[in-house]
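Participant: Have a look at this one.
The values are calculated or read from the model by the stated rules, or taken from the named source; none is laboratory data. Note that the coordinates shown come from a computational prediction; the quantities given were computed from them, not determined experimentally. No Cβ is skipped: glycine too gets one built from the backbone with ideal geometry, and neighbour counts run over all protein chains shown. Side chains included, ligands, DNA and RNA excluded: accessible areas come from the protein's heavy atoms. Shrake-Rupley method; radii C 1.70, N 1.55, O 1.52, S 1.80 Å.
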Amino acid sequence: MIDKIKEYIGEAQSFSTENKEELEAFRIKFLGKKGILNDFFAEFKNVPNDQKKEFGQFTNALKNAAEEKVKSIVETLESKEETKGVFGDLTRAAEPVLIGSRHPISIVKNQIIDIFANIGFNVSEGPEIEDDWHNFTALNLPEYHPARDMQDTFFIQTNPDVLLRTHTSSVQVRYMENHKPPIRTISPGRVFRNEAISSRSHCIFHQVEGLYIDKDVSFADLKQTLLYFTKEMFGKSKIRLRPSYFPFTEPSAEIDIYWGLKTETDYRITKGTGWLEIGGCGMVDPNVLKNCDINPDEYNGFAFGMGVERIAMLLYQIGDIRMFYENDVRFLEQFKANI
Ligand code: PHE
């Protein structure tokens, strides 16, 4: 009887198949209810006592051999099926590749940079943590100047000389300190103002400011530059410069573009006037040039500044400025086409 079991062990060990039905037949033959193993187990009580131990060991060995064989063949068959799943169907659609998208602020900022690059402006950058000189004093805003209140400044700790820049005009000061005219530069960057957060304003936003310094620069040059920009950026060809005040420019103006009154949204965003304000500008005050070691009798120039969020909100019809900073993928994904 033991020899018979040994024979079966050999049979079980050498069994091989790639066919599920054959495997099932093998399983039933050895491990099934009426299979060989159960016959042997049933036989156990008839085995003479002195052979019981050996008989038991061999039946168990047979059981293990059969079970292991079934297990290993099932595994090979399954892994073959998986491979077939991936490579078997060549008409299967490809796995979609998830691509990211640029942030709308970056898209608009890059567009502005490109537009000004075409007329010879380079890009300058500076620190977000500024000192009083570059953010205020050099820009003709001496200590106690009332216009400092216009810009609700975040100071760092209690030192009034260290602050978060309230505009990127600070970069223009740094640029003039380090470069001789002619100067044509735009300064994009993040700025900070201690303002209540609402759908229309935020304590962190982005600006692009421009500076042009040369001999005999006129207000007409400023207007033409801005007109060129609005045509390129918005496809609108009518602007107006409304008299205003900035300490660092004289004369100063607010830049309005004629948006039109075609749709209901146009009425809403222009408050029924058709005109939209997009920034400030003016001829650089001689005091600012002096502060930066540029001779105002020899050189003059213009400067302008605008908010990037404002422009992005107009272009993409975004109703709430806070959406730019919430990092909601459902919002960000909508800009995939603009990479
Ligand atoms: N620095 C001004 C602001 O942040 C904008 C500006 C720039 C106005 C240059 C005039 C000239 O509001």
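Participant: Is there a residue being more than 16 Å from the ligand (Cβ to nearest atom), among the charged types (D, E, K, R) and open to solvent by less than 70 Å² (accessible area, probe 1.4 Å) anywhere in segment 128-141? Break it down into steps so the answer makes sense when it comes.
Facilitator: First, pick out the residues of segment 128-141 that are more than 16 Å from the ligand (Cβ to nearest atom): 129, 131.
Checking the rest, the ones that are also among the charged types (D, E, K, R) come to 131.
Okay, now just the ones that are also open to solvent by less than 70 Å² (accessible area, probe 1.4 Å), so 131.
The answer is yes; a qualifying residue exists.
Participant: Could you check, for segment 93-103, whether at least one of its residues is more than 30 Å from Asp3 (Cα to Cα) and at pLDDT 90 or above? Steps first, answer last, please.
Facilitator: Step one: filter segment 93-103 for residues more than 30 Å from Asp3 (Cα to Cα), giving 93-103.
Cutting the leftovers down to at pLDDT 90 or above gives us 102-103.
Looking through segment 93-103, at least one residue is more than 30 Å from Asp3 (Cα to Cα) and at pLDDT 90 or above.
Participant: Does Val97 fit the bill of being outside the structural domain of Ile213 (by TED's automatic domain parsing), more than 30 Å from Glu195 (Cα to Cα) and part of a loop (DSSP other than H, G, I, E, B)? Talk me through it step by step, then tell me what you get.
Facilitator: Details: outside the structural domain of Ile213 (by TED's automatic domain parsing): yes; more than 30 Å from Glu195 (Cα to Cα): yes; part of a loop (DSSP other than H, G, I, E, B): yes.
Taking the combined requirement at face value, the residue satisfies it.
Participant: In addition: Tally the residues that are under 23 Å from the mean Cα position of the chain (by Cα), in a strand (DSSP E or B) and under 18 Å from Asn140 (Cβ atoms), restricting the search to segment 167-188.
Facilitator: 1
Participant: Right, another one. Hey, among Glu21, Glu11, Glu67, which residue is part of a helix (DSSP H, G or I), surrounded by fewer than 14 Cβ atoms within 10 Å (Cβ to Cβ) and without any contact (Cβ under 8 Å) to a residue 60 or more places away in the chain?
Facilitator: Values: Glu11 fails: surrounded by fewer than 14 Cβ atoms within 10 Å (Cβ to Cβ); Glu67 fails: surrounded by fewer than 14 Cβ atoms within 10 Å (Cβ to Cβ).
Glu21 is the lone residue from the list that is part of a helix (DSSP H, G or I), surrounded by fewer than 14 Cβ atoms within 10 Å (Cβ to Cβ) and without any contact (Cβ under 8 Å) to a residue 60 or more places away in the chain.
Participant: With the requirement that a residue be touching a Gly at 6+ places or on another chain (Cβ under 9 Å) and farther than 30 Å from His145 by Cβ, what does segment 247-275 give you? Spell out the reasoning first.
Facilitator: Within segment 247-275, the first condition is being touching a Gly at 6+ places or on another chain (Cβ under 9 Å), and the residues that meet it are 248-255, 258-261, 266-267, 270, 274.
Within segment 247-275, Tyr258, Trp259, Gly260, Leu261, Asp266, Tyr267, Thr270, Gly274 qualify.
Participant: Find the residue count for segment 100-124, including only residues that are more than 16 Å from the ligand (Cβ to nearest atom), in a loop (DSSP other than H, G, I, E, B) and under 28 Å from the mean Cα position of the chain (by Cα).
Facilitator: Result for segment 100-124: 5.
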